[in-house]
Amino acid sequence: MTESPPASLAHLGAAVDALIASNALLFSMLASPKDVESAAALLEQLAASPLQSPEDGLRLDIFGETARQLRALQSSGVLPRRTELESSS
């Protein structure tokens, strides 16, 4: 069996980006617009928190990027809202 090359920071960044985007997409599809706005506001507040440890930098960046993705999805108009899906059934 061949050995896999070690993961690089680029690999880690791509994985984090994919997780953020998929989580934001799923949440946006299932939540009401008010819930999306509340979640984005909370994530932005968390992202602005002071660092308590060196590891917090990545966590806070992920919170901020997730909030940005939620707002981008919400403003894109691409996804149907949960209320739209419920009224069509």
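Brief remarks on what is shown
- In segment 33-67, the qualifying residues are those that are closer than 22 Å to V78 by Cβ and hydrophobic (A, V, I, L, M, F, W, C), and the one that is modelled with the lowest pLDDT is V36.
- Condition met for L30 (aliphatic (A, V, I, L, M), at pLDDT below 90 and closer than 11 Å to L70 by Cα): no
- Contact map, segment 5-21: first residue open to solvent by less than 50 Å² (accessible area, probe 1.4 Å), second residue modelled with pLDDT of 90 or more and not basic (K, R), Cβ cut-off under 7 Å, separation 6 or more or different chains; pairs are V16/I62; I20/I62; I20/E65; I20/T66; I20/Q69; A21/Q69.
The values are calculated or read from the model by the stated rules, or taken from the named source; none is laboratory data. Note that the structure is a prediction, hence the values are computed from the model and not measured. When we count neighbours, we look across all protein chains shown, and the Cβ atoms used for this are built from the backbone with ideal geometry, even at glycine. To get the accessible areas, we keep the full protein, side chains included, count just its heavy atoms, and leave off ligands, DNA and RNA. Shrake-Rupley method; radii C 1.70, N 1.55, O 1.52, S 1.80 Å.
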